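Have a look at the structure below before the remarks.
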Amino acid sequence: MPKKIRVYELARELGLTNKETVDLAVGLGIGVKSHSSSIEDAQADRVRRKADADGLRRDVQPEEPAKPTKATKEPAPTPVPDTPAPEQPVVDTPTEAAPKRLVSSARPVAPKPAPARPVVSEEPGAAV
């Protein structure tokens, strides 16, 4: 059974970044999707020869650039003015107050129907 190697292991061996190694493999027609893909030993030899031919091999693997995540992003600092803003004159202008609307979160309730009453005839002597 042929031996397999991960692309990131090959990158470490060649002193390349994971992206550089994936790009080399894809350029050679080796179907890899990411640095964690496995390739055959023969395919790894092809990538090694290509890296040597292009003069890409390094002694030490460079560090991959870190992608910023939401947890590690720092908020932008709020600019603080060096001098206080000049005071603006206060102008009184009449404003109309908007009527307040009462908003209820309760659902409208339908009235309950009145209980049925027995029919009583107003004619004297009529049977009920």
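Looking only at residues in the range 2-22 that are in contact with a strand residue (DSSP E or B) (Cβ under 8 Å, 6 or more places away or on another chain) and without any contact (Cβ under 8 Å) to a residue 40 or more places away in the chain, the one that is farthest from residue 55 (Cα to Cα) is 3.
Those helices (runs of 4 or more DSSP H) of the range 1-113 in which 1 or more residues are exposed (fewer than 10 other Cβ atoms within 10 Å of the Cβ) and at pLDDT 75 or above occupy 41-54.
The values are calculated or read from the model by the stated rules, or taken from the named source; none is laboratory data. Predicted model, so just to flag it, every value in this text is computed and none were measured. Quick reminder, even Gly has a Cβ in these numbers, built from the backbone with ideal geometry, and neighbours come from all protein chains shown.
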